[in-house]
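FYI, it's all coordinate maths here, none of it is from the lab. Source: prediction; values computed, not measured. In this analysis, Cβ positions are derived from the backbone assuming ideal geometry, glycine residues included, and neighbour counts consider all displayed protein chains.
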Amino acid sequence: QVRLVESGGGLVQAGGSLKLSCAISGSRVSIGAVGWYRQTPGTRREWVASIEDGSPATYADAVKGRFTISRDNSENTVYLQMNSLKPDDTAVYSCNAWVDRNNYWGQGTQVTVSS
C-alpha cells in the first residue's frame, strides 16, 4: 500500500526557516512528479511547488525565491525547505505524488508562522 507521510511542521517566527519531509512508502514501478500543497481553514488547497525528473522545479509566485523543493530518490523522500517564512505561509502542508501512475496524498503537517 502506497503511503505518504509528512513531517517537520511546527511553530516558527516570521523570517525563520523550516524543512518539511514527505516519506513515500510502498511498492511501485516508479515515482513520478511530486509536489507540495497548502491549505488554511475556509480556503481551497493551494499549489506550492512541484518537481519531476528531467525538468526544473516549479513554484507558486507566493513562495518563489523562498522555498526549495527537492527529492532523495534513494530514500523515497521529498523535501520542502522554507526560508524567510511569513505569517501568510501558515497552513497545513500536504505532499502529493504520482506513484505507479496513480496519485496519492499525505494527510499534512501544520506550519504556523508567528508575527
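Results, tabulated for the structure shown:
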| quantity | calculated |
| --- | --- |
| Label zone at residue 2, where the point sits 7 Å out along the Cα-to-Cβ direction: region 89-114 residues whose backbone N lies under 15 Å | 95-107 |
| Cα gyration tensor category, rounded, prolate or oblate, for region 1-47 with a/c compared to 1.5 | prolate |
| Point-charge dipole on Cβ atoms (K/R +1, D/E -1) for the chain, about Cα centre, debye to 20 | 140 debye |
| Sites matching trypsin sites (Lys or Arg not before Pro) across region 38-115 that sit in DSSP coil, with at most 15 neighbouring C-beta atoms within 10 Å | 44, 45, 64, 66, 101 |
| Taking the C-alpha atoms of region 37-115, convex hull volume expressed per residue in Å³ | 112 Å³ |
| Protection proxy ranking, peptides 2-10, 90-98, 52-60, 74-82, average beta carbon neighbours within 10 Å, highest first | 90-98, 74-82, 2-10, 52-60 |
| Length-normalised contact order of region 13-113 in % [C-alpha pairs under 8 Å, at least 6 apart] | 35 percent |
| Where labels lie 7 Å past Cα in the beta-carbon direction, separation of residue 30 and residue 88 in nm | 3.7 nm |
| Computed over region 8-76, Kirkwood Rh from alpha-carbon pairs, angstrom | 13.9 Å |
